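The values are calculated or read from the model by the stated rules, or taken from the named source; none is laboratory data. Keep in mind that this is a model prediction, so the values were computed, not measured. Cβ: placed from backbone, ideal geometry, glycine included. Neighbour counts: every protein chain shown.
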């Protein structure tokens, strides 16, 4: 448990203190990262069950990377690094920040948006993924 707390603090410090409207706060983003694999996925890509590449600390797929604005020119180059993948996630959240119901968003909405996409991120929809993020947030 202490390793998770240290990881969350490190990611939160790395992200900085600025809160931008339409984006998750540092702790929420750190818990999304942890749920996706975070540091153990740095520099790594794997194919998922559908054959799509999933890369980096946020487990980003190519369609997600396209939706975030095709940062740094090449999907895997961006998604495998912490800097670019964080920027991609934040751009994706900002792009779809009206897809999940009323604003301001909760961490639950951001987590579901990240994992399920803009079509299935409403509060109240069942999500094992959200329960994993919630465990990180509340222990």
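Assorted remarks:
- Among the residues of region 110-131, the ones that are in a helix (DSSP H, G or I) and either at pLDDT below 90 or under 13 Å from the mean Cα position of the chain (by Cα) (or both) come to 10 in all.
- A count restricted to region 42-51 and to residues that are at pLDDT 95 or above, in a loop (DSSP other than H, G, I, E, B), under 18 Å from the mean Cα position of the chain (by Cα) and loosely packed, with under 15 Cβ neighbours inside 10 Å stands at 2.
- Of all residues in region 54-67, those being farther than 19 Å from residue 129 by Cα and touching a helix residue (DSSP H, G or I) at 6+ places or on another chain (Cβ under 7 Å) number 3.
- Filtered residue count, region 91-109, keeping only those that are free of Cβ contacts under 8 Å to residues at least 40 places away in the same chain and under 11 Å from the mean Cα position of the chain (by Cα): 2
- In summary, residue 33 fulfils each of the numbered conditions (1) at pLDDT below 95; (2) surrounded by 13 or more Cβ atoms within 10 Å (Cβ to Cβ); (3) under 19 Å from residue 129 (Cα atoms) with the single exception of condition (1).
- Qualifying residues in region 75-101 (those that are out of contact with any helix residue (DSSP H, G or I) (no Cβ under 9 Å at 6 or more places or on another chain) and not in a helix (DSSP H, G or I)) - the one nearest to residue 59 (Cα to Cα): 81
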